[in-house]
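Every read-out reported here was derived from the displayed coordinates using simple, explicitly stated rules and does not represent laboratory data. Since this is a predicted model, take the numbers as computed values, not measurements. All Cβ positions, even for glycine, are placed from backbone atoms using ideal geometry, and neighbour counts span all protein chains on display.
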Amino acid sequence: MRQFNHSEKCLKPEYILVAVVTLFSLSVSETMADDYFSPDSIEIRGNVSRDIDLSQFSHTGGQAPGIYRVAIYLNGTYVTEREVTFSRQAGKLAPELTPEDLLLWGVAHNATAEFMQADVHQKITDPGLLLPESHFAFDFPQSRLNISVPQQYVLRNPQGYIPEQEWDDGVNMAFLNYSYSGATTRRDGAAGVDNSAYLNLRSGVNLGAWRLRHYGAYTHSDEGNQWDNINTYLQRDVKSLKSQFVVGEGQTQSEIFDSFAFRGAQLYSDDNMLPESLRGFAPIVRGIAHSNAQVTIRQNGSTIWQSYVPPGPFAISDLYPTSSSGELEIVILESDGTQRRSVQPFSAVPVMQREGRFKYSVAAGNYRSSDTTGREPTFFQGTGIYGLPWTATVYGGSIISDRYFAAAVGLGKSLGDIGSVSLDGTFSRTQFADENDTGGAFRFQYSKDIATSGTTFTVLGYRYSTSGYHDFSEANGDGYSNWSKGHQDKEERRAYEAWRGKYTKRSRTQANINQSLGDYGSLYLSVYEQQYWGGDRDRNVNAGFNTSHNDINYSLSYGYAQTSHFSSSDQTVSLSVQIPLSRFLPGSWLSASATSNKRGDTTLMTGLSGTALADNNLSWSVMQGYNSQNANTTGSAAADYKSRTGEYQAGYNYSRQNQQFTYGAQGGVVLHPYGLTLTQPLGETMALVKAQDAAEVKVLNNSGLYTNRHGYAVVPYVTPYHRTHLTLDTTDLGQNVDLLGDTRTIVPTNGALALADFPTASGQKVMFTLQGANVPFGATASVQNDNRTTEGIVDDQKRVWLTGVPDKGSLQVRWQGGRCTAPYQITASSSSVLNVTAACH
């Protein structure tokens, strides 16, 4: 057994000293008496006096004064995160805040007479002098500043309230977002190849609170090319009105009247600007593909989405619609050239508002026809929705034009456990060249969530229109523009326009129902039927059942679509199974499906799919299928890769009749004050991560998103008027850069590029050894690098560890009653940690 030798340095008292100092410096007590640590209580080995200056650590909270980035809480509720200057007051760190800060965070301006009379820019370290029984408490280990103020002095803001002063209009910038997809198809027995492509472009410029946007799309095929200017507009928010102002080409609001395109100006309420607790929709498009099919979605005659889907049921949830309600045309182009069309409407639930809430919209300008032959008269539209007592809402509006007038009035009512309903009527008078039509439309809507049974009636609606009723689009000759625009066959187009002139809408019924079955899965049903005066109708039904057992997913889907003018209908049933293979191949699934249509054609598919790479940003699939029609064998392989600069797809499909290569790319380019950044596909509201010189740092919770070589990244989707916390992964930083904080909070306005600034310390990581002056243990050493100061504490061997150190400079060393300066110069070295000796005088 090894004997203990008193001459060995098994455990230095100096190490015990460091541990004790660290323990006390990281402890904060709010409810107990203040802790005190006396340096004299440390037994120095050999009873030899040592130079020690621990005065700043004598009390709880006794860290070095300076600027710290902290999360600020008022009475336990998070309010913001920012840098705060801390000074030493009575041996502790105290924040230097102002009455203006407290007002911003929710303290009432008339809380006390002393608070009202104080200069809003006056620095206060003891809030109790202005607000009795108030105090600050700094939790240093958690970087958290707790502010306690009696509730009687605090405004009663709604849950989720964010002061307007925190809303960030972002930095000035310009961007271009693109979405490209294409295919090259070679058909047996046909000369040459068929080529098709679709390019969707959204571009914009931000200057302060103003947003300039353009939205366009280009379609290419062997039959010809077409460019659609979907809209161009200038927009900004009006914070005092909780509204958005738009001038240019846009869509009217759709709560009361059907939305239509126009050129002009519009001012409307924006519910996103309200606290989340006071906030009262793009649809999901479902369908079933028989093969590797191209799916195209149009709204108001313009293509807003186009891509390729594998065989079986599909659900498209990433639409970028041009309005919040209306009708979508869905075109499914199968690999054998078969084309199927259907119509899907979408709208919000009844327009209920809280008591006292007034929601409005006013628009004026010229109607924007989807057809060059349509009328574009001047118009004015105004709508209003007001929340009454007794859980009721009244709403109404009017459209005034030279040959058209419409007025609407309605009432919404919550019926408690029964649900909520709305009833409204719209009267219209339309002047045509040869006659005048007068009519009315009457609408009923119902919404209900039944928590006990898991049933959700998203929308149950019925609308009846008399034969003389026309909405504003019909009155201006657009009818149903989705069919009329973009078709190359002029005879087909003329036939459709003649049909729409003969048949007007009579009644419309729609329902969206979701039913949870607990552990047994869920059911959904979506039904839409539009009847016309004259007997024709459109009908669209989608239903399905989803369940899982032992991690195996099962899905049964049914779809039916009938369109009146084209006298076409389609009925499809599909069964699919998905089995995880994580035991054998991590992140992969085996799938099998069977799909049959009303003609008796059956398609059987089996495949393997999964994700790969450390960030799961590569997805892949291989499939093999058999079609009973002509005993056709099909197959496909596809891959999708998401990087920080975009998202890219490639695929190969084959059958006995043809071979097809598909490809696609989505991404964006953002020009901002700090440079040019390539990005993933962009949403409307974004964030710019700035971590200067911190290259290849991952932005957490964002697949494939890393900073570029300069330390910048664009987070493509953030929620406007909502606190978003962005965090960087600091586990793999470069050797000459440190992040001085890994989380930032932003509150962007609509369309903003909000800056999330992560300060970095670029420079060397150095262990300095000080010589010359008698520097005591506990002294503070600092070095200036550009406009940032890096600090450290000198240990018992006159060493100090600093990061972000420039190659040449001077250490400023301070302690109670003394100071010295240590010039230094670092020579080239391949080591990630440098040891430098500097003389301090």
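Quick check on my link table: of Lys359/Lys413; Lys92/Lys690; Lys239/Lys359, which ones sit more than 22 Å apart, alpha carbon to alpha carbon? From Lys359/Lys413; Lys92/Lys690; Lys239/Lys359, over 22 Å: Lys92/Lys690. Each of the peptides 292-305, 712-725 was scored by the mean count of other Cβ atoms within 10 Å over its residues; in descending order, highest first, they stand as 292-305, 712-725.
Taking N as the number of residues in segment 66-156, what is its alpha-carbon radius of gyration divided by 2.2 N^0.38 Å?
Values: Rg = 12.3 Å, N = 91, 2.2 N^0.38 = 12.2 Å.
So segment 66-156 has a normalised radius of gyration of 1.01.
Charge dipole of segment 763-840 (Cα centre as origin; +1 on each Lys and Arg Cβ, -1 on each Asp and Glu Cβ, all else neutral): 80 debye, rounded to the nearest 20.
Might you report the magnitude of the Cβ-based charge dipole of segment 66-156 about its Cα centre, with Lys and Arg at +1 and Asp and Glu at -1, to the nearest 20 debye? Mind showing how you got there, number by number?
Details: 7 positive and 10 negative charges, 46 e Å.
For this selection, approximately 220 debye.
How high is the FRET efficiency from Ala113 to Tyr674, r the C-beta distance, R0 51 Å, rounded to 0.05?
Taking R0 as 51 Å, the efficiency between Ala113 and Tyr674 is 0.60.
With a cut-off of 15 Å between beta carbons, the residues surrounding Gly365 carry a summed charge of 0, where Lys and Arg count +1 and Asp and Glu -1.
Each Lys and Arg contributes +1 and each Asp and Glu -1, all at the Cβ; summed about the Cα centre of segment 673-761, the dipole is approximately 200 debye. Working note: Karplus 6.51/-1.76/1.60 with θ = phi - 60° gives segment 661-674 the couplings 10, 10, 7, x, 8, 9, x, x, 10, 10, 9, 10, x, 9 Hz, where Gly and Pro are set to x.
Rank by packing, highest mean first: peptides 543-553, 755-765, with packing defined as the count of other Cβ atoms within 10 Å averaged across residues.
Values: 543-553: 13.9, 755-765: 19.9.
In decreasing order of mean packing, 543-553, 755-765 become 755-765, 543-553.
Positive end of the dipole of segment 637-697 (Cβ unit charges, origin at the Cα centre): among Leu671, Gly683, Tyr652, the Cα lying farthest that way belongs to Tyr652.
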